[in-house]
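S.K.: Here's a structure for you.
Rule-based calculations on the coordinates, nothing more; no lab input. Predicted model only: the values in this text are computed from it and were never measured. In this analysis, Cβ positions are derived from the backbone assuming ideal geometry, glycine residues included, and neighbour counts consider all displayed protein chains.
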Amino acid sequence: MNFDFTKTSEACVKCGKCVPSCTIHRINSDEVTSPRGFLELVGAYQRGELELDKNAKNIFESCFLCSTCVSICPTSLPTDIAIENVRYDIAEKFGITWFKKIYFFLLRHKRVMDFSLSLGAFFVPLLFRIDKNSQSMKARFHLPFIGKRVLPRLNKKSFLNSHVEFIQNAPDSGLKVAVFVGCFSNYHYTRTAESLLKILKALKINVLLPKKQQCCGAPAFFTGDFKTVDRLIRANVDYFETFLDDVDAIIIPEATCAAMIKEDWGRFMSEDDEMLKRIRRITAKVFMASEWLYKKSELPIFLKSLSKSKNLITYHDPCHARKVLKIFKEPRALLSENYDLVEMSDPNQCCGFGGITIQSEKFELAKKAAKPKVEMIKQTEAKILSAECGACRMQLTNALDKESVKIAFKHPLELIAEIINPN
């Protein structure tokens with residue numbers, strides 16, 4: 001994946017339109033950590049005027065990759081792609097932190113991941129208090145790299161390992177969709193995936209749960225581990241092709257996974273014409289869950305026949321959904337059929353998750369970025385917060401807990417499933 005840093009850097013006219021909305025610049029108002037600052041630095045790096053030292057590493061790893069700047073830029077300059085590529089050079093020069101290496105190893109070896117997480121689930125109660133209702137856990141003590149954070153619950157059995165591969169909800173001639181579940185919904189927030197099954201059952205849509213699907217590669221991609229990304233993309237493409245012609249769509253309940261597959265897979269493999277052709281054939285059938293359910297299924301009509309909830313909800317737009325995939329009307333349209341939805345002052349503002357580096361080595365930045373979002377949520381006086389993203393759920397659940405804001409977090413699929421089957 002070759003990227004021309006200089007071309008992008010020189011195309012920036014330094015208008016500054018992106019600066020006020022930049023997630024990192026809002027909490028660290030230094031010109032260096034602004035989109036135009038980042039672009040100036042990557043240009044200087046390619047020209048040989050900037051050494052890729054630890055200071056530069058620290059600066060480039062401070063970007064949240066929320067892509068707000070790209071969505072605001074008059075010419076849509078790919079600042080996020082520039083930083084993703086320079087992080088590869090950083091990883092090559094400095095290596096990858098040991099705990100990230102372990103995590104990426106698990107992503108590349110799904111069976112080991114399944115075993116490790118199921119084993120870990122037995123010991124988790126010793127260190128964490130488990131909240132089954134919210135599918136989260138809170139550290140009992142101050143733990144290395146974690147502190148006393150609220151984290152997603154570890155399940156003894158993954159979602160994929162809890163079901164048969166094919167679920168027939170209608171005759172063979174009916175619609176059939178495959179579900180790419182994503183790591184968050186597979187290992188942690190399994191109620192999201194279970195809710196999707198309930199919805200598809202109610203709609204009489206047949207379901208394929210491809211058991212050999214692997215991580216989409218997003219955590220490694222945003223960290224600069226391109227070798228892991230290459231391996232995961234190729235493995236998934238090979239596997240997807242074995243069932244692609246047998247399904248009407250591949251639906252994904254996670255914004256980050258959907259954006260990674262629909263946008264970043266092709267970009268990453270752009271120099272491999274044959275692989276790019278194969279990826280485009282796959283992505284033509286890939287949809288975020290709310291997008292497909294709203295546009296391609298009878299769910300909107302079905303929901304009109306059901307009762308309305310008394311719960312007031314508010315909706316947060318995941319960066320990868322709204323800014324990358326332009327999906328934000330669909331979940332709102334579905335939820336508004338049966339819930340009163342109140343908008344926060346800026347639902348499009350990044351929650352501050354930022355990826356594995358921000359969450360592990362720069363968590364102070366994540367906490368600062370989340371504070372204004374928590375205040376927005378609080379001001380809505382909603383009882384439930386929703387977003388189509390496990391990463392946002394993890395970030396905001398912890399942030400709300402730290403600010404003692406009592407509001408439940410539920411994926412839109414969970415809210416829809418509760419309307420369909422109140423029990």
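S.K.: Tell me the angle of helix 98-108 to the major Cα principal axis of the chain, expressed in degrees between 0 and 90 and rounded to the nearest ten.
M.R.: Taking Cα atoms only, the helix is inclined about 50 degrees.
S.K.: If you don't mind, another one. Taking the alpha-carbon distance from Lys383 and a cut-off under 12 Å, which aspartates and glutamates remain once sequence neighbours fewer than 8 residues away in the same chain are dropped?
M.R.: Answer for Lys383, where 12 Å is the Cα cut-off: Asp340, listed by chain and number.
S.K.: Now a separate question. Longer than 26 Å from Cα to Cα, which of Lys101/Lys198; Lys54/Lys100; Lys285/Lys329; Lys138/Lys406; Lys176/Lys323; Lys148/Lys211 are they? Say none if no pair is.
M.R.: Over 26 Å apart, Cα to Cα: Lys101/Lys198; Lys176/Lys323; Lys148/Lys211.
S.K.: Hey, another quick one. Between Asn311, Asn133, Asn206, where does the largest GNM mean-square fluctuation fall for the chain, given springs only between Cα atoms within less than 10 Å?
M.R.: So, out of Asn311, Asn133, Asn206, the one fluctuating most is Asn133.
S.K.: If I build a Gaussian network model for the chain, linking alpha-carbon pairs within less than 10 angstrom, which residue out of Cys15, Cys216, Cys392 has the largest mean-square fluctuation?
M.R.: Cys15
S.K.: Obtain the nm distance between the two label points defined at Tyr239 and Lys211 by a simple spin-label model: each point lies 7 Å from its Cα along the Cα-to-C-beta direction.
M.R.: 1.2
S.K.: Return Asp238, Asp80, Asp340 ranked ascending by Cβ neighbour count within 10 Å, so the fewest neighbours appear first.
M.R.: Final ranking by Cβ density, sparse to dense: Asp238, Asp340, Asp80.
S.K.: Per DSSP H run of at least 4 residues, take -39500 (n - 2.57); add these up for the chain, divide by its residues and hand me the 222 nm value, nearest 500 deg cm²/dmol.
M.R.: Taking each H run of at least 4 residues, the total per residue is -14000 deg cm²/dmol.
S.K.: Further question on the same structure: Using unit Cβ charges (K, R positive; D, E negative) and no other charged atoms, how large, in debye to the nearest 20, is the dipole of the chain about its Cα centre?
M.R.: Values: 62 positive and 49 negative charges, 281 e Å.
Magnitude of the dipole: close to 1360 debye.
S.K.: Something else: Normalised radius of gyration for region 155-293, please: alpha carbon Rg relative to 2.2 N^0.38 Å, two decimal places.
M.R.: Working it through for region 155-293, the quotient is 1.02.
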